[in-house]
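> Would you mind keeping the following structure in view while I ask a few things?
The values are calculated or read from the model by the stated rules, or taken from the named source; none is laboratory data. It should be emphasised that the depicted structure is a prediction, and the values quoted were computed from it without experimental measurement. Cβ placement follows ideal geometry from the backbone for every residue including glycine, while neighbour counts extend to all protein chains displayed. The area values use the complete protein model at the heavy-atom level, side chains included, leaving out ligands, DNA and RNA. Shrake-Rupley method; radii C 1.70, N 1.55, O 1.52, S 1.80 Å.
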Amino acid sequence: QVQLVESGGGLVQPGGSLRLSCAASGSIFSAYVMGWYRQAPGKQRELVAALTSGGTTTYADSAKGRFTISRDNAKNTVSLQMNSLKPEDTAVYYCNAWLISLDYWGKGTLVTVSS
């Protein structure tokens with residue numbers, strides 16, 4: 001069992017930055033693929049970025065060049081640095097931990113990009 005708690009969301013102006021963090025409890029954190037997803041109002045949840053245990057990253061096209069995912073296996077945390085934020089980045093951001101048949105989600109943190 002893995003519990004995930006996100007933090008770091010909030011209101012930011014277009015062009016600004018935010019850093020989201022996800023704290024995980026449970027065993028073998030380092031083995032999981034960790035990801036950030038987001039869901040905007042009226043839209044489906046979508047992958048933003050993912051990071052494997054081996055360090056391979058995957059980014060949505062909308063996130064490439066602006067967002068960076070990282071993890072600290074010693075602290076059981078995964079972060080998402082978001083730069084050059086746009087109004088279309090407004091969404092609830094969810095942390096995800098996946099390993100074969102195991103799939104865990106946090107409750108989400110709201111990011112609002114608005115002037």
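> Compute the signed sum of charges (Lys and Arg +1, Asp and Glu -1) over the other residues within less than 12 Å, Cβ to Cβ, of Arg38.
Local charge sum for Arg38: -2.
> Further question on the same structure: Net charge within 10 Å of Asp89 by Cβ-Cβ distance, Lys/Arg positive one each and Asp/Glu negative one each, not counting Asp89 itself?
With Lys, Arg at +1 and Asp, Glu at -1, the net is +2.
> Please list, in chain and number order, the residues 5+ apart from Thr90 or on another chain whose amide H is under 5 Å from its amide H, with Hs placed from the backbone.
Val113
> Leaving out ligands, DNA and RNA, and with a 1.4 Å probe, what % of the accessible surface on the stretch 1-112 is carbon or sulfur?
52 percent
> Where does the charge balance sit around Gly10 when Lys and Arg score +1, Asp and Glu -1, over other residues with C-beta under 14 Å from its C-beta?
Once positives and negatives cancel, what remains is -1.
> Hey, another quick one. Would you work out the charge dipole size for the chain about its Cα centre, treating the Cβ of every Lys and Arg as +1 and the Cβ of every Asp and Glu as -1, and quote it to the nearest 20 debye?
My answer is approximately 100 debye.
> Label-point separation (nm) for Ala60 and Arg19, each offset 7 Å from Cα along Cα-to-Cβ?
2.3 nm
> Let me ask something else. What number does the stretch 1-81 give for Rg over Rh if you use C-alpha atoms and the Kirkwood radius?
Result for the stretch 1-81 is an Rg/Rh of 0.96.
> Give me the extension gain from Lys107 to Lys43: residue separation times 0.36 nm, minus the current Cα-Cα distance, reported in nm with one decimal.
21.3 nm
> Based only on the alpha carbon positions, what is the Kirkwood hydrodynamic radius of the stretch 35-112, in angstrom?
For the stretch 35-112, inverting the mean 1/r across all distinct Cα pairs yields 13.0 Å.
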